[in-house]
Amino acid sequence: MTILVTGGAGFIGSNFVLDWLAESAEPVVNLDKLTYAGNLQNLASIADDSRHRFVQGDIGDYEQVSQLLQQHQIRAVVNFAAESHVDRSIHGPEDFIQTNIVGSFRLLEAVRHYWNALPSDAKAEFRFLHVSTDEVYGSLEQTDPPFAETNQYQPNSPYSASKAASDHLVRAYHHTYGLPVLTTNCSNNYGPYHFPEKLIPLCIQNALAGKPLPIYGDGQQIRDWLYVKDHCSAIRRVLAAGKIGEVYNVGGWNEKANLDVVHTLCAILDQLKPRADGLPYASQISYVTDRPGHDRRYAIDAGKLERELGWKPAETFESGIRKTVQWYLDHQDWVGNVLSGDYQSWMAKNYSGRI
Ligand code: NAD
Ligand code: TYD
C-alpha cells in the first residue's frame, strides 16, 4: 500500500509527510512542482528513508500523474498542491487558476480513470482527500457563529475563489462519477517550515532582522489559528475514518486579532532573544495600507470532526506559538536559504507601495 501526496514539499504538505512516516509504515510518493513555496530542505530528515519517493512534477500533468498512480498502485491521494498566498493571488491570479482549478481538474481526471480500472475491493478502499481552506466561506461579522460545513460558499479573493472551484469539482466527481472523496476545510495554520511571506513567520523574521512588522489596516482582522501538526493529525483521521463524500471543517477554536498575534510573538521574542538595545520588539510594529478586499473574520466550528471522528487538537495557541518561535530561532539556516532573490523581489512588490 502506498499513498500519493501532492504539494508535499510545501509548508503543510511537508509537515504531513514527516508526520505520516513517523506514525505509519506505509510509503509515500510525494509529487511537487517545486514552485517558490516548495522546498526540499523541509524533507531533509527523511532523505535516506526508502519509504519516501520524491517526484518533481505538476498535478496538471495528466500523463505523469496517471503513470505514478499505476506504477505505485496508489490506494489514496492527499491533495495539498496549490498556490496558497492571498496577496500573491491579488498581484497575479493566473497561477492560482492554473494550479488550483485546472490542475485539480486534471488530477481528478487522472485519478478517476485509474480508480475506474481498479479491482472492486481496491476500488472500494480507495480515497481522494482534498485539502482546502475556511476562506471559501467568505468573511464573518463579529457576532456570527463560526463556519459550519453547511455554510454558503462566498469566496472573496482570487485565492479563495480558486480553492472554492476545486472544492466544487471534488464534490462533483463524487456525485457524478462516484469517486470516493473527502474534503477538509481548515483554518489558518502556523508552525515549522511556514514560508516567511505569511503573517507569523514574516513577523518573526522581520523582528529578528530589525525590520518593520507590517500590520495591514487596523490589525483587528480575526483569524482562527491551528498548529500545523494538529492539521496533519486531523487529515490522517479523516483519511482513516471519514465518511465518503463528506466535508470536515478543521480548526482549533483559537480566534485572534492579527495585532494580538503579533504582540504575542513580540513578547515571546522579548523573553527568548531580547533586542540588544533593550527595546521591546513591539516597537517595530508598523501600520500599512490594507489588503484589497481583506476578509474581516474567519472562525471554524470543528464540532463535526470532534463528534463524529473523535479528533482534538493537541496544542493550544499559547503552546503552539511558543514552539513555533523557538523553531524559527533554532532554524535560522533554513530561513536564510529561503530568503533568496525571488523572495526579495516579492517583498518589494507587496510592501514597497504600502510602508
Ligand atoms: P504552500 O504554498 O506552502 O505549499 C504548496 C506546495 O504545492 C508547494 O510545495 C508547491 O511547490 C506545490 N505546488 C504548487 N503548484 C503545484 C502544482 N501545479 N503541482 C504540484 N505541486 C504544486 O501551501 P500550504 O500552506 O502548505 O498549503 C497546502 C494546502 O493547504 C493548500 O491547498 C492550501 O490551500 C491549504 N490550506 C492552507 C492553509 C494555511 O494556513 N497555510 C490553511 C488551510 C488550507
Ligand atoms: P496570511 O498569513 O497571509 O494568511 P491569510 O491571508 O490566508 O489569512 O495573513 C494572515 C492575516 O494577517 C491576514 O488578515 C492578513 C494579515 N497580514 C498583515 O497584517 N500583514 C502582513 O504582512 C501579512 C502577510 C498578513
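Applying 0.36 nm per residue to the separation of A209 and W327 and subtracting their alpha-carbon distance, the gain on full extension is 40.9 nm. Between D277 and A122, the distance separating the two model label sites (each 7 Å from Cα on the Cα→Cβ line) works out to 6.5 nm.
Model label sites at Q56 and H294, defined 7 Å from Cα along the beta-carbon direction, differ in position by 3.7 nm. Helix 158-177 and the long axis of the chain differ in direction by around 20°, with both axes built from C-alpha atoms. Assuming charge only on the beta carbon of Lys and Arg (+1) and of Asp and Glu (-1), the dipole of the chain about its Cα centre is about 100 debye to the nearest 20.
If you take all other residues with their beta carbon under 15 Å from the beta carbon of S45, and give Lys and Arg +1 and Asp and Glu -1, the sum is -4. The stretch 1-73 and the stretch 108-132 have Cα centres spaced 18 Å apart.
Computed from Cα atoms, the angle from the helix 199-209 axis to the main principal axis of the chain rounds to 40 degrees.
Under 8 Å for C-alpha pairs, at least 6 residues apart: give me the relative contact order for the chain, rounded to a whole percent. Walk me through the numbers on the way to the answer.
Details: 636 pairs, mean separation 60.2, N = 355.
The value is 17 percent.
Would any residue of the stretch 1-19 have its amide N under 20 Å from a label point 7 Å out along Cα→Cβ of H113? List them or say none. Answer for the stretch 1-19: 4-6. If the segment from S340 to R171 were pulled out straight at 0.36 nm per residue, it would be longer than the present Cα-Cα gap by 57.0 nm.
Taking other residues whose beta carbon is less than 12 angstrom from the beta carbon of R88, and scoring Lys, Arg as +1 and Asp, Glu as -1, yields -3. Here's how it looks for V181: its modeled amide H is under 5 Å from those of F128, G245, which are all 5 or more places away or on a different chain. Sort out for me the Cα centre separation of the stretch 278-316 from the stretch 163-220, rounded to whole Å. The two parts, judged by their Cα centres, are 11 Å apart. The length gained on full extension between K349 and A148, counted as 0.36 nm times the residue separation minus their Cα-Cα distance, comes to 68.8 nm. Note the angle between two axes, namely the Cα long axis of helix 317-330 and the longest principal axis of the Cα atoms of the chain, as a number of degrees from 0 to 90, rounded to the nearest 10. Tilt relative to the chain: about 80 degrees. On the basis of the beta-carbon distance and an R0 of 25 Å, H91 and Q220 show a calculated FRET efficiency of 0.55. Shown here for the stretch 1-54: trypsin sites (Lys or Arg not before Pro) in loop regions (DSSP other than H, G, I, E, B) with at most 16 other Cβ atoms within 10 Å, namely R51. By other beta-carbon atoms within 10 Å, ranking L34, L182 with the fewest at the front produces L34, L182. Spacing of the modelled spin labels on T316 and A22, each 7 Å from Cα toward Cβ, amounts to 2.2 nm.
Quick note: the coordinates plus some simple rules give every number you see, no bench work behind them. Computed from a predicted model, the values in this text were never measured in an experiment. Methodologically, a virtual Cβ is constructed for each residue, glycine included, from the backbone with ideal geometry; neighbour enumeration extends over all protein chains shown.
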